[in-house]
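Note sheet for the following structure.
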Amino acid sequence: MKLRIALTITSQTPVSVGAGGSAGTIADKTIVRDGWGRPLIPGSQVKGKLRWAAEQLLRGMGSHIPAPGDEPEREEMETVVRRLFGSPQHRSPLYFADLPGVIGDLQQLDVLRNSPEQRRTLIRPSVAINRQRRTAAEKLLIFQEAAPELMRFASERAVTGTVDGLEQAALLWAAARLTSRWGGAKSRGLGWASLEARVWLGDEETEQDEATLRQALRDLVRRPGGA
């Protein structure tokens, strides 16, 4: 069954998805940007966050989801998480797109693309902590780049591909809704965000309402064999 999920992540605090290096700025840690210089949340992080949330959700609802450290025979167990997100033996049927950050009306994405405002970021100072002494480490002042709060990271095709049915689409939808932290430095208050997810299924792209998705998630866990 054909699937498309649109995601809009609205940051409530600055978001810092590190790119590594300083790239000629005063920041010790810079953020990931797209070709127009806009901050973005990479598709790889979208996939990782949704997978972790899906595993936690299913475990919380009583399903057995093997952890990476489980014995080899259990690592090979077929689960809905592995069918959706892949494993060393199974390629994921889904594609997770990058989510560019936008300040302003999402409907004006193309017009705003070259606006200098879209490339605006913050430099936040912080210090490293000596975990043994529980004090600030000496000579380790760090300048970290971050995208500003109230920036929206969005894509109408954030998740695309195929699923076996409505239940799997509902799991992806719920995992997205449960993800509230993005990027790094979460212990410093960065990365809090709200998220809106919309789901379309089938060749005609029929949008699924929230009540339908909630019921499908319950059915996924209740059926024999669990997830």
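The values are calculated or read from the model by the stated rules, or taken from the named source; none is laboratory data. The model shown is predicted, which means the values in this text are computed figures rather than measured ones. We place every Cβ from the backbone using ideal geometry, glycine too, and count neighbours over all the protein chains shown.
One table, with the values for the structure above:
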{"item": "Residues of segment 175-227 satisfying the condition of being under 26 Å from Arg152 (Cα atoms), assigned to a loop (DSSP other than H, G, I, E, B) and in contact with a helix residue (DSSP H, G or I) (Cβ under 6 Å, 6 or more places away or on another chain)", "result": "Thr179"}
{"item": "First in segment 87-102 and at negative phi, second anywhere and part of a loop (DSSP other than H, G, I, E, B) and surrounded by 15 or more Cβ atoms within 10 Å (Cβ to Cβ), Cβ under 7 Å, 6 or more apart", "result": "Ser92/Gly86; Asp98/Asp34; Asp98/Pro42; Pro100/Asp34; Pro100/Arg38; Gly101/Arg38; Gly101/Met151; Val102/Met151"}
{"item": "Qualifying residues in segment 142-173 (those that are among the aliphatic types (A, V, I, L, M) and within 12 Å of the chain's Cα centre (by Cα)) - the one farthest from Asp203 (Cα to Cα)", "result": "Ala154"}
{"item": "Residue, nearest to Phe85 (Cα to Cα), within segment 172-202, restricted to residues that are in contact (Cβ under 8 Å) with a residue 40 or more places away in the chain and of a type in the set (S, T, N, Q)", "result": "Thr179"}
{"item": "Selection status of Arg82, at pLDDT below 85 and either more than 24 Å from Arg33 (Cβ to Cβ) or assigned to a helix (DSSP H, G or I) (or both)", "result": "no"}
{"item": "Residues of segment 16-48 satisfying the condition of being at pLDDT 90 or above and β-branched (Val, Ile, Thr)", "result": "Ile41, Val46"}
{"item": "Scope segment 157-186; condition under 18 Å from Ile9 (Cα atoms), surrounded by fewer than 16 Cβ atoms within 10 Å (Cβ to Cβ) and at pLDDT below 95; matching residues", "result": "Ser180, Arg181, Lys186"}
{"item": "Count of residues meeting criterion [exposed (fewer than 14 other Cβ atoms within 10 Å of the Cβ) and of a type outside the set (Asp, Glu)] in segment 187-214", "result": "7"}
{"item": "Number of positions in segment 30-57 that are surrounded by fewer than 19 Cβ atoms within 10 Å (Cβ to Cβ), more than 15 Å from the chain's Cα centre (by Cα) and in contact (Cβ under 8 Å) with a residue 60 or more places away in the chain", "result": "3"}
